[in-house]
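What follows is a set of notes on a single structure, which appears directly below.
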Amino acid sequence: MSAGDRRPEGDRSRSDSARIWDERFAAPGWTYGTEPNGFLLSIVDRIPPGHVLSLGEGEGRNAVFLASKGYDVLGVDSSAVGLAKARRLAEEAGVTIATEIADLAEYEIAAGRWDGIVSIFCHLPSGVRRRVHRQVVAGLAPGGAYVFEAYSPKQLEYRTGGPRTLDLLVSLADATAELDGLEFAIVRETEREIHEGVRHFGPGAVVQVVAVKPAAGAGS
């Protein structure tokens, strides 16, 4: 799998959101740090070996970590600037990742393709999130795992990171309903200390999910 972007920036119109993230990721340093997300780090062994799709990958910290664990990783994000930094981080770490510039409102997840799909603090409008989650359920191969962490509505009580718009936050009830068809290995709403870069720093209210696609023939 090539480490270059599958879809060059000039081949698609740039959304306002993509421009905002380009500007954010153009700042010196790493917006969310270079270490993997703490939840992903704690449960990575639950993802079967093989191909992993990372949604809203940004500057590459999670994709690079997954690649270091032997996974074949594709990171998708709307920000060309973020994905350029992701490839640089991978090169510095001595691993290979693939990247693809895409708006998740339009992105098509290949059905039955992925041994793992990861969504870490990838906050989407609720309608887009529901669409993405339908595709996640279809996109996992039998036995494949979905890893999801996002801020819950309670995060509005804090000022330690995440969106300030309620529609971009997700409740545990909504997350589980949207992932109907998967079996839940971890499903919780909790508060934890998050120290990931300059934008996620301090106590946070999060939803955490690990959900598995039933193996073919399970329950029959």
Among the candidates 107, 151, residue that is of a type in the set (Phe, Trp, Tyr) and under 21 Å from residue 15 (Cβ atoms): 107
Looking only at residues that are at pLDDT 95 or above and within 14 Å of residue 154 (Cα to Cα) in the range 179-199, which one is surrounded by the most Cβ atoms within 10 Å (Cβ to Cβ)? 189
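Can you name the residue in the range 82-95 that is aliphatic (A, V, I, L, M) and in a helix (DSSP H, G or I) and, of all such residues, is farthest from the chain's Cα centre (by Cα)?
93
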Within the range 96-147, the count of residues that are touching a Phe, Trp or Tyr at 6+ places or on another chain (Cβ under 9 Å), closer than 23 Å to residue 162 by Cα, of a type in the set (A, V, I, L, M, F, W, C) and in a strand (DSSP E or B) comes to 4
Within the range 67-89, does at least one residue satisfy the condition of being at pLDDT below 90 and more than 29 Å from residue 141 (Cβ to Cβ)? no
Per the filter on the range 147-161, residues surrounded by fewer than 21 Cβ atoms within 10 Å (Cβ to Cβ) and either of a type in the set (A, V, I, L, M) or at positive phi (or both) are 156, 161
So residue 132 clears everything in (1) more than 20 Å from residue 73 (Cβ to Cβ); (2) out of contact with any helix residue (DSSP H, G or I) (no Cβ under 7 Å at 6 or more places or on another chain); (3) not polar (S, T, N, Q) except one condition, right? Which one? (1)
Under the condition of being more than 12 Å from residue 56 (Cβ to Cβ) and in contact (Cβ under 8 Å) with a residue 60 or more places away in the chain, which residue from the range 105-119 is surrounded by the fewest Cβ atoms within 10 Å (Cβ to Cβ)? 113
Here is a check on your reading of the model: is residue 209 touching a Phe, Trp or Tyr at 6+ places or on another chain (Cβ under 9 Å), modelled with pLDDT of 95 or more and under 25 Å from residue 33 (Cβ atoms)? yes
Can you find, within the range 58-81, the residue that is nearest to residue 34 (Cα to Cα) among those that are acidic (Asp, Glu) and not in a loop (DSSP other than H, G, I, E, B)? 77
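Might you let me know whether the range 167-174 holds any residue that is in contact with an Asp or Glu (Cβ under 6 Å, 6 or more places away or on another chain), free of Cβ contacts under 8 Å to residues at least 60 places away in the same chain and not aromatic (Phe, Trp, Tyr)?
yes
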Complete set of residues in the range 21-45 that are hydroxyl-bearing (Ser, Thr, Tyr) and farther than 11 Å from residue 62 by Cα: 31, 42
Of the residues in the range 40-57, those that are in contact with a helix residue (DSSP H, G or I) (Cβ under 8 Å, 6 or more places away or on another chain) and not in a loop (DSSP other than H, G, I, E, B) come to 40, 41, 44, 52, 53, 54, 55
Exactly one of these conditions fails for residue 10: (1) more than 21 Å from residue 207 (Cβ to Cβ); (2) among the small types (Gly, Ala, Ser); (3) more than 13 Å from the chain's Cα centre (by Cα); (4) at pLDDT 95 or above. Give me its number. (4)
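Residues are listed down the side, and each one gets a yes or a no for (1) surrounded by 21 or more Cβ atoms within 10 Å (Cβ to Cβ); (2) of a type outside the set (Phe, Trp, Tyr):
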position	(1), (2)
123	no, yes
136	yes, yes
142	no, yes
165	no, yes
171	no, yes
177	no, yes
201	no, no
206	yes, yes
213	yes, yes
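The values are calculated or read from the model by the stated rules, or taken from the named source; none is laboratory data. No experiment lies behind these values; they were computed from the predicted model shown. Ideal geometry is used to build each Cβ from the backbone, glycine not excepted, and the neighbour counts take in all protein chains shown.
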